Amino acid sequence: MKGIYVGAKKPYKVIIGAGALTQVGAIMKRTDDKITKVLIVSETNVAPLYLETVKKGLEVSKCEVFEYVFEAGEQSKNINTITKMWAVMAENGFTRTDAIVALGGGVTGDMCGFAAATFLRGIKVFQVPTSLLSMVDASVGGKTGIDLPEGKNLVGAFHQPAAVIEDT
């Protein structure tokens, strides 16, 4: 696997290679070995394809793994979905040392980044984009957001990922 260093305000690596989904746990632990809980967030189209692979890849991390799967599509990119993510983390005692794994396309990445930026005033997010567009756009750069009825991406924050993991 290849790694690209992104020298942002908060630097991170973009790791690219075949089989990267199976390495999420190892990459996460190399990035921060204090993480003890992980919330994998995905959507109804992507989860059946890759969720079990990522969960298996997280076993090496010895972290407690939780999951939240939302209905696929732009219509889910709203505060109600974010509230459900926050609830899963709050109910399970997530702290600032824990993390979110965003498994999916741009909608997933945008929402997970926003949820991570705002939960406990900021926790780590590992972007695991599954579409080519999200690999080059939504997962890199730390832009996050949700939609309002009045328009797209009207609420958001910049929150750099801890790492971006792209499986070719």
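The values are calculated or read from the model by the stated rules, or taken from the named source; none is laboratory data. The shown structure was predicted, so the numbers you read here are calculated from the model rather than taken from an experiment. Every residue, glycine as well, gets a Cβ built from its backbone with ideal geometry; the counts of neighbours run over all protein chains shown. Areas reflect the complete protein model, heavy atoms only, side chains present, ligands, DNA and RNA absent. Shrake-Rupley method; radii C 1.70, N 1.55, O 1.52, S 1.80 Å.
Of note:
- Sites counted here are GluC sites (Glu not before Pro) in a DSSP loop (not H, G, I, E or B) having no more than 13 other Cβ atoms within 10 Å; the longest part of the chain that contains none of them is 72-149.
- When both the stretch 1-26 and the stretch 35-111 are represented by their alpha-carbon centers, they are found 18 Å apart.
- Low-density loop cleavage sites - trypsin sites (Lys or Arg not before Pro) in the stretch 1-59, where at most 13 other Cβ are within 10 Å (DSSP): 9, 34
- In summary, the lysines within cross-link reach of residue 29, defined as a Cα separation below 17 angstrom excluding same-chain residues under 8 places away, comprise 13, 37, 55, 56, 62, 124.
- Tensor-based shape of the chain (alpha-carbon gyration tensor, a/c under 1.5 rounded, otherwise prolate or oblate): rounded
- Rounded to the nearest 20 debye, the dipole size of the stretch 71-168 about its Cα centre is 320 debye, using +1 on the Cβ of Lys and Arg and -1 on the Cβ of Asp and Glu.
- Lys, Arg +1 and Asp, Glu -1 on Cβ, resulting dipole of the stretch 1-58 about Cα centre, debye, nearest 20: 280
- Residue 133 accessible area, assembled protein chains, probe 1.4 Å, Å²: 120
- Whole-number accessible area per residue in Å² for the stretch 26-168, which is evaluated in the context of all protein chains at 1.4 Å: 45
- Listed residue (40, 108, 14) projecting farthest to the positive dipole end of the chain, Cβ model: 14
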